[in-house]
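Here's the structure we're looking at; comments come further down.
The values are calculated or read from the model by the stated rules, or taken from the named source; none is laboratory data. Just so we're clear, the structure is a prediction, and the values are computed from it rather than from any experiment. So basically every Cβ, Gly included, is an ideal-geometry build from the backbone, and we count neighbours across all protein chains shown.
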Amino acid sequence: MLPTTHRLHKQTEIKSLIQTGQTFFLPEFIFKFAKNQEPATKIGFVVSTKVDKSAVTRNKLQRQMREAINSFLDDIKPGFSVLIIAKKKALDLDFATIVKQFKFAATKIKIYEGK
């Protein structure tokens, strides 16, 4: 579970991020990101019914995504809002690959300070 300070959960924040944020595409995920005025980076996750009709499958993927970000949360720069949207191909990934994909994307959008 992400700490409360790192959660992007207000509907107004999510809508403004979708409309005005920059986008980074991977085959399995879409990253919407923008700078914010917060002292911590806020991260949100979206797994729609287009990915899978089963709520159990969607929730499992969302838990894996949350834990993947949580594994390197200390290395993420503060002051950003990030929304991670899963695509159907994300269901085929195992946890280690999800972590690798997230670190790659975080490096490309310049919010990751780790190795």
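So the check is Cβ under 6 Å with 6+ separation or different chains; which pairs have a first residue in region 31-57 that's touching a residue at least 60 places away in the same chain (Cβ under 8 Å) and within 25 Å of residue 89 (Cβ to Cβ) and a second one that's assigned to a loop (DSSP other than H, G, I, E, B) and of a type outside the set (Gly, Ala, Ser)? Note: pairs meeting the criteria are 33/109. Among the candidates 12, 5, the residue that is within 16 Å of residue 69 (Cβ to Cβ) and among the hydroxyl-bearing types (Ser, Thr, Tyr) is uniquely 5. The strands (runs of 3 or more DSSP E) falling completely within the chain that include 1 or more residues that are modelled with pLDDT of 95 or more and buried (at least 19 other Cβ atoms within 10 Å of the Cβ) map to 29-35, 42-46, 80-86.
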